[in-house]
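Read the structure below first, then the notes.
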Amino acid sequence: MTIQPLGPGDPERIGRYRLLGALEPTVGFRPILAAAPDDSLVVVHQAQPEMLDEPDFRIRLRHSAIAGMRVSGASNTTVLDVDADEERPWLASAFVPGIRLDRAIQTCGPLPVPAVRALAAALATALRAVHAAGLVHQRVRADSVLLTRDSGCLGEIGITPAAGPAPTGTATVLGTPEFLSPEQALGLQLTPAADVFALGSVLAFAAGGFAPFTAPSVPYILFNIAQRDPDLSRVPEPLRELIAACLRKEPGARPTPAQILDYLGGPPSGPAPWPADLVADIDSRRQHVSALLAALPPVVAADPVPARPLPEVAAAAMARVRAWTMDHWQRSGPRARRGLGAGLAALLLLVTTGVVLLARASGEPTPVTGLALAELRRIDACPWLDTVMGDTVPVVPTPLPRDAWELTPTPSWGCRAVAGKNTIELTLGKEMEYLTAHQSIVDDIPIIHGTPHGCVRVIASPGGEHEAGLVLDYTQYGDETNCGTADHLIAEFARTLTSAPRAADRGDSLAALDPCALLDRDNVAQRIGAVPKAPTIADAHTCEWTGEVDLTLDLLRTSTLTSGDEVITTTVDGFRVFLDQGRSNAICTRAALAPGSDEETIEIQISGIPDDRRDEYCAVAVAVLRDVVTKLPAS
């Protein structure tokens, strides 16, 4: 991911996004790094002029972008916005910091077997979500796959046409021909199996450094794809069975993404096993992006305009809704009209709710719509989840009694409940990413859907802490579309906000502490370079400062660094420090047990460390860790 300065002819904004720099161009689109109004990072994919020669391009872009908004998950880039009517149509998606797979292989060479297996699991998870949304990706290539700190990620969601015959000029319209399927090469009808074939080519490239059908010319490549067996001679033996299955000529003979995940043992878990030099490259790119965002000038607020009477505001809003709906109704077919009807109903609910809230008497107490981070830190997550689950949890196809579930506290003072293929995870005070507008209200409490496709439900904290809150994540392995269980549980959480059980032992616990209050800004700046005015509050128990490197403080209930049979410790001037395994020179983590505890852990992680400076920054981590321990309140 190379970020280039914008040219003199580039605008400062596209839509509501402030432009920061140009990314490497992709087929048919110019990606531009930009900042959203809330300063989150997005990528605006601006259509290249040649794309506008297609008569139905704008229609396909709009339809595929809206469908792409249903696709989400950690292994996909989330589609946020689209404007197909602009002179240069564009689509905006969430920014994912990482390095393109083709650049990673060019720089670091083929990936080891464990890394390719992890990448395969991530991309199969991504394709399962794409296909569940009714899409065929069609652009699975080495340059549309990103390697991030945590996993692999499939990009270019939502900028492809829906499933159907490949357009004329496939090799140029859809990009690098080495990663096309036989159906695309021959201009045949496409199904999700085309993406699986492309996945096989991408994995072969990642494992061996060359695409399996490469040849000196495009016609020769297309002939190889359609007629010849793949060249897997450079692919390590443990990976050949999976890759060869993906590359079968007959679409029906290829495995589905779900079958690939079963073969690999499930979705990816744990840290990504990338080589250390690749991790360092990813971290340096994240640091570059953070610096760009920090240097962005603040938005100057416009002069306030006089307030309009509430009835006038409501009437104007309803008039705009009515005019927009009638215009689109007249230009739409029966299926689109049904969608417009549903959308109008949701919009009316939103406007009506706003009017009701604004019309509350000024002297009426403000209702509780969420819990502040300080309150969430004192709640006992597992007893609360236990209460909310009741006697029976309504899962599909058969409700499960409470005694079928095993509840376990998580390291970040949350709670996980597991019953067979069903998992419920409750996190209190978690940072929320990739949110959609709230889609339901329970007792005047907005319920936010964390992703358009998955079963994440959120009750945001109030005021300035609204980017964090209570996060409920329900998963049923093999089915990510049935979210009735999540909706039932989050409604019960909403109804019990003011009666959530408090932990009796939080007085002396790290759980109740504000981590950012334990880090002095000037002290941090002296150690890691110039920092912003305020830290990033990643969640209720995590605080992060960004300077020449990233410094993160985590307060944990338990940690693998301080528990287990393989802990590594050292003593610095009488201070016992727990060490990480040192798998990457770009990251250093140091930990200490909270005084008087044999489990609660303070961790300092420094990431984005330049080459050959790990020892220096590990010493910084120890110094900051020691400062934090001295600031802990006396027992």
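Values quoted throughout were computed directly from the atomic coordinates according to the rules given, and no laboratory measurement underlies them. Because the structure is predicted, anything quoted here is derived from the model rather than measured. Reconstructed Cβ throughout: ideal geometry from the backbone, glycine too, with neighbour counts over all protein chains shown.
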Task: FRET E, pair Gln526, Thr408, Förster distance 41 Å, beta-carbon r, rounded to 0.05 - done: 0.50
- [ ] Take the alpha carbon atoms of region 554-600, find their center, do the same for region 202-281, and report the distance between the two centers in whole angstrom.
- [x] 38
Task: Electrostatic dipole magnitude of region 373-504 [Cβ: Lys, Arg +1; Asp, Glu -1; Cα centre; debye, to 20] - done: 200
Task: Amide H partners (placed H, <5 Å) of Asn76, local residues excluded - done: Leu154
Task: Relative contact order for region 1-78, counting Cα pairs under 8 Å that sit 6 or more residues apart, in percent - done: 18
Open item on the list: Full-extension gain between Leu400 and Val368, please, as 0.36 nm times their residue separation minus the C-alpha to C-alpha distance.
Closed with: 8.4 nm
- [ ] Report the full-extension gain for the segment Cys108 to Phe223: residue separation times 0.36 nm, less the Cα-Cα distance, to one decimal in nm.
- [x] 38.4 nm
- [ ] Please name whichever of Ala94, Leu20, Ala34 sits farthest to the positive end of the charge dipole of region 1-124, dipole taken about the Cα centre and charges placed at Cβ: Lys and Arg +1, Asp and Glu -1.
- [x] Ala94
Task: Rough spin-label spacing in nm, given labels placed 7 Å along Cα→Cβ, for Thr536 and Ala619 - done: 2.8
TODO: Of the DSSP beta bridges with both residues in region 13-289, give the percent that are antiparallel, rounding to the nearest 5.
DONE: 95
Task: Total charge dipole magnitude, region 168-286, about the Cα centre, Cβ charges on Lys, Arg, Asp, Glu only, Debye to nearest 20 - done: 140
TODO: Name the residues whose placed amide hydrogens come within less than 5 Å of the amide hydrogen of Leu20, ignoring near sequence neighbours (fewer than 5 apart) on the same chain.
DONE: Leu33, Ala34, Ala35
Task: Relative packing of peptides 584-591, 377-384, 84-91 - highest average C-beta neighbours within 10 Å first - done: 584-591, 377-384, 84-91
Task: Electrostatic dipole magnitude of region 379-431 [Cβ: Lys, Arg +1; Asp, Glu -1; Cα centre; debye, to 20] - done: 160
